Amino acid sequence: MTLVQLRHFVVLAELGSYVQASAALYLTQPALTRSIQALEAELGGPLFDRIGRRIGLTPFGHEVLSRARRLVADAEALRQTGKGLHAGLIGTLRIGLSSGPGALLSSPLMLHMAQHHPRLHLQISRGNTGVLIEELRDQHLDALVVDARSVRPSADLELSQVFELAAGFLVRPDHPLMRRGRAVTIDEALAYPVASTPLSDEVARILIGRYGPQANPDDMVTLRSDETLSLVEVARRSDAIVLTANAAAPGLESLPMSPPLAATARFGLVTRAQRQEAPALRILREQLPRWVSGFSGVQSPSA
């Protein structure tokens with residue numbers, strides 16, 4: 001078998017149509033059919049079943065697909081290493097950002113690439129941490145910057161460059177609670193809508209430990225979204241209280257609480273362990289500390 005055949009197989013499996021795959025690969029349909037048939041003959045079993053006008057993977061095909069993707073991805077990484085290692089000037093960098101890091105890093109990352117690496121293809125994917133981790137494992141992404149508390153320890157993942165930012169309950173400056181001129185209790189805060197992204201179990205335990213069971217995010221949070229910027233905008237234009245990193249909410253102020261929340265948002269870079277990294281990932285590794293140092297309320301990560 002050849003890498004070309006494996007690439008044909010991966011594209012066909014993803015598109016589910018010989019017509020679409022042939023067009024994507026710039027091949028004739030007979031040529032693609034011969035390539036797949038030769039691969040099936042060498043592997044010893046059918047990779048696809050026909051379902052009407054479309055095709056679907058056989059159970060054997062599903063098993064082969066994950067390995068074929070890894071081989072094709074490794075071959076592409078090797079090609080880029082030889083061709084694009086030179087200062088990361090060419091190639092593709094695919095980064096996943098969960099809500100908080102997306103609000104903080106999307107613009108600095110795109111601006112840096114536009115100014116310093118105009119030939120590099122940058123692809124940013126946004127989503128919740130669980131979805132992005134699966135995309136990383138499926139090799140659709142090269143790295144993630146996500147909520148470190150939501151990353152379960154796993155032998156196939158590596159968490160590095162962890163940083164913490166001050167976080168808390170944030171409101172607009174003229175919020176009714178700010179006009180009281182004193183710290184407010186959780187009961188007083190819960191008289192208003194509370195907005196948040198999905199929170200990790202660790203953060204939930206911190207909240208309940210500070211304020212009791214009424215601070216369980218499942219009950220406390222009335223406005224939940226994966227998009228931090230939207231939640232911040234709601235807090236700017238209403239009496240809603242948003243729970244997020246201070247740096248992700250310019251224009252909002254920290255609501256003094258009694259007792260103080262004294263919490264942080266913890267983010268980190270996630271890559272596949274013991275796998276060759278995309279050459280251009282070094283750009284993100286180099287720039288991330290500089291961008292983070294520019295955020296207000298940066299703290300050293302705790303143990």
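See the values below:
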quantity: Per DSSP, loop chymotrypsin sites (Phe, Trp or Tyr not before Pro) in segment 1-49 with at most 14 further Cβ within 10 Å; calculated: TYR26
quantity: Neighbourhood net charge (15 Å Cβ-Cβ; Lys/Arg +1, Asp/Glu -1) for PRO289; calculated: +1
quantity: Hydrodynamic radius of segment 156-303 per Kirkwood, over alpha carbon pairs, in Å; calculated: 16.6 Å
quantity: Simple Cβ-charge dipole of the chain, Lys/Arg +1 and Asp/Glu -1, about Cα centre, in debye nearest 20; calculated: 640 debye
quantity: Proximal charge balance of MET220 [Cβ under 15 Å; K/R count +1, D/E count -1]; calculated: -2
quantity: Contact order normalised by residue count of the chain, Cα under 8 Å, 6+ apart, percent; calculated: 22 percent
quantity: Positive minus negative residues near LEU157 (Lys, Arg vs Asp, Glu; Cβ under 15 Å); calculated: -3
quantity: Note, ³J(HN,Hα) from phi for segment 2-12, Karplus 6.51, -1.76, 1.60, rounded to Hz, x at Gly and Pro; calculated: 10, 5, 4, 4, 5, 5, 4, 5, 4, 5, 5
quantity: P(r) tail fraction, segment 3-84 - alpha-carbon pairs more than 15 Å apart, %; calculated: 56 percent
quantity: Coil-residue trypsin sites (Lys or Arg not before Pro) of segment 146-215, DSSP, other Cβ within 10 Å capped at 14; calculated: ARG182
quantity: Cα-based Kirkwood hydrodynamic radius, the chain, one decimal, Å; calculated: 22.0 Å
quantity: Cβ-placed point charges (K, R +1; D, E -1), dipole of segment 110-164 about Cα centre in debye, nearest 20; calculated: 160 debye
quantity: Dipole axis of the chain (+1 Lys, Arg; -1 Asp, Glu on Cβ), positive-most option in PRO250, ILE186, LEU43; calculated: LEU43
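Taken together, the values in this text are just the output of simple stated rules run on the coordinates, not laboratory data. Here the structure is a predicted model, which means the values were calculated and not measured. Cβ sites come from the backbone with ideal geometry, for glycine too, and all protein chains shown count toward neighbours.
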